[in-house]
Every structure is written in structure tokens, then in C-alpha cells.
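See structure below.
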Amino acid sequence: MSATATAPARGAGWRLSPVALRWLCLAVLLVLWEVAPRAGWVPRVILAPPSAALVEGLAEWEFFASALRFTFLEILASLCFAYGLGGLAGLAIGLSPLGRRAALPLVSSIYALPLVVIYPVMTAWFGIGPASKIWFASLYGIFPVILATAAGVQLVDRQLITMARAQGAGFRLMMTEVVIPAALPAVVSGLRVGGALVTVGVVVAEMLASTDGIGFLITQNRTMFRTPQVYFGILLVLVLAGGLDMLISRLERRASRWRPQQDNRHE
């Protein structure tokens, strides 16, 4: 029995943790990315090695830093609109039975549409400056926030609401102490998806029609066949999206751990 019991333990020692497995996959991807163009498997005009992208991009860091700052500010403004308006709309829809029946199917249908087709309309209304990018990216990211917030409100334990009402809690106190804390894990999941879509929306809009930003530099370098600079711009976008995702992931883990404590406290 001892030999049988120790066999799984020895096998378990060779298993990689999810974090280690992710880093291993990333390392393998980077090695393949570096080797493929240098070995001639892929033409360099199509795929530049990451080392070449870093060297060429850092040599022009002044231009990329200015574009990165411009894109970051557009993303930040878009997140404020998408999170703020989306959270309020989702809260209103989730609290209203009529809103859930009438608005949720409409929001879900619009969310499934390729919203990039309306960007020419945005440029016609707001021009090719930052305003069109901010409004387009806000619209691009607002729908998952609405849907997640409405779903989170619907999942709130009705016993918590009944107990709060029995203790004389008003609407404001009900929202801040019961509904929003209980719905927070679902809301944060929507923020994560919405944040990724906002980043995509800003960069795509800059690539389509802009005079500044990372998306503009990617398009400009692509038209001049400056492939290393193109991939350096892509790497900067990945850093932006990855940093935002890591930030929201931490908030999501904290919210998921905190919700059972709230539930248990009221039981």
C-alpha cells in the first residue's frame, strides 16, 4: 500500500503549475517567433524577429512613447465612459423586471454585431480626432459591462434584500450595502471583458483613421514595409492590454473571495 500511495505523489511532483505552464508556453512562442524568420521559414517582411522589433522600436522610442501616451489617455477616457455608463445602465436594467425583459435581448443582439462598421459614422460626427476613438471604444466595451452588471444584480440573494428591508434600509443603503457588493464578482468579470474590448476599439480606430497613437504608427509603418516597427507597436498594445487584464484579474479574485464572506455574514 505504501508503494501505491507514494506513486501519485512522485507523479504529482512533475506537474507544472498553471502559472509555470503559461510562462513555458510564452517562452516557446517567443523562441519560435525568433527562429522562424531567421531560419527562413517565414519571410522577414511578413514576420520580424522579436529581437529586431525591440532594437528598431527602442531606437525610435521617442515617437512610440508619444504615441503610447496618446493611446493610453484615449483608453483611460473610454474606460471611464464604458464602466460608468455601462455599470449604471446594467444596474437599472437588472433592478427592473420590465427592463430585463425589454432591454436585455436588445443589448445582447447589439453586442453580437460587428460594431466596427459604425466607425465611419463616428468619424463623420466627431472627425478623426480623439473624440471619435473615445466614443467608438466606449460603445465597443459598454455592452459586456451592461450584461454582466444586470446578470450580477439578478443573482443577488433575495433573502439579503428582504432582511435589509426588514431592518429599515432605504434604496441608497440597499444599493451600497447589499446589491452592489453581492453583484461585484459578476460586475468585475464584465469589466475585464469590457476593458479588453475598449483597448481593441481604440487601437482599431487609430488604425482606420487617425493622426496619432499606436494604431496610427502600426498602420504607417506597415504601409512603408517597416516590419520590425510594426511588431514593436503590436508588442506595446499587448503590454497595455495585458497590464489592464492583470489589474482587473486581481480585483476579480478579491471580489470572488469577498462575496462568500458577505453571504455568510447575513445567514
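All of the numbers you see were taken from the coordinates with simple rules; none came from a lab. Predicted model, so just to flag it, every value in this text is computed and none were measured. Quick reminder, even Gly has a Cβ in these numbers, built from the backbone with ideal geometry, and neighbours come from all protein chains shown.
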*Proportion of all alpha-carbon pairs of the chain beyond 24 Å (%)*: 62 percent
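Quick one: putting +1 on the C-beta of Lys and Arg, -1 on the C-beta of Asp and Glu, what dipole do you get for the chain around its Cα centre, in Debye to the nearest 20?
Values: 21 positive and 13 negative charges, 151 e Å.
Dipole magnitude for the chain comes out near 720 debye.
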*Using a Gaussian network model of the chain whose springs link C-alpha atoms within less than 10 Å, name the residue from GLY215, GLY40, GLY243 with the highest mean-square fluctuation.*
GLY40
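State the three equivalent ellipsoid semi-axes of the stretch 71-170, derived from the C-alpha gyration tensor as the square roots of 5 times its eigenvalues, in descending order and whole Å. Numbers along the way, then the final one.
Values: eigenvalues 219, 48, 17 Å².
Rounded to whole Å, the semi-axes are 33, 15, 9.
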*Compute the relative contact order of the chain as a whole-number percentage, counting only Cα pairs closer than 8 Å that sit 6 or more residues apart in sequence.*
24 percent
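Output the DSSP H helices from the chain with an along-axis C-alpha extent of no less than 24 Å and a mean Kyte-Doolittle hydropathy no less than 0.0.
Details: long enough: 18-38 (30 Å, 1.43); 61-95 (49 Å, 1.39); 130-154 (36 Å, 1.13); 180-208 (40 Å, 1.72); 227-266 (58 Å, -0.18).
Flagged H segments are 18-38, 61-95, 130-154, 180-208.
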*Using a Gaussian network model of the chain whose springs link C-alpha atoms within less than 10 Å, name the residue from VAL193, VAL42, VAL19 with the highest mean-square fluctuation.*
VAL19
*Which of the listed residues, ALA20, LEU139, SER109, is farthest toward the dipole's positive end in the chain, when Lys, Arg count +1 and Asp, Glu count -1 at the beta-carbon?*
ALA20
*For the stretch 182-222, projected area of the alpha-carbon convex hull averaged over all directions, nm²*: 3.1 nm²
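Semi-axes of the stretch 111-152's equivalent ellipsoid from the Cα gyration tensor, sqrt of 5 times each eigenvalue, largest first, rounded to whole Å? Please list the in-between numbers first.
Details: eigenvalues 112, 24, 6 Å².
Largest first, the stretch 111-152 gives 24, 11, 5 Å.
Quick one: longest stretch of the chain between exposed loop chymotrypsin sites (Phe, Trp or Tyr not before Pro), exposed meaning at most 12 other C-beta atoms within 10 Å and loop per DSSP?
Details: sites that count: TRP14, TRP41, PHE225.
Answer from the scan: 42-224.
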_Which of ALA67, ALA166, ALA36 ends up with the largest GNM mean-square fluctuation for the chain, with Cα atoms connected below 10 Å?_
ALA166
*What shape does the stretch 1-143 have by the C-alpha gyration tensor, where a ≥ b ≥ c are the square roots of the eigenvalues, rounded means a/c under 1.5, and otherwise prolate means a/b greater than b/c and oblate the rest?*
oblate
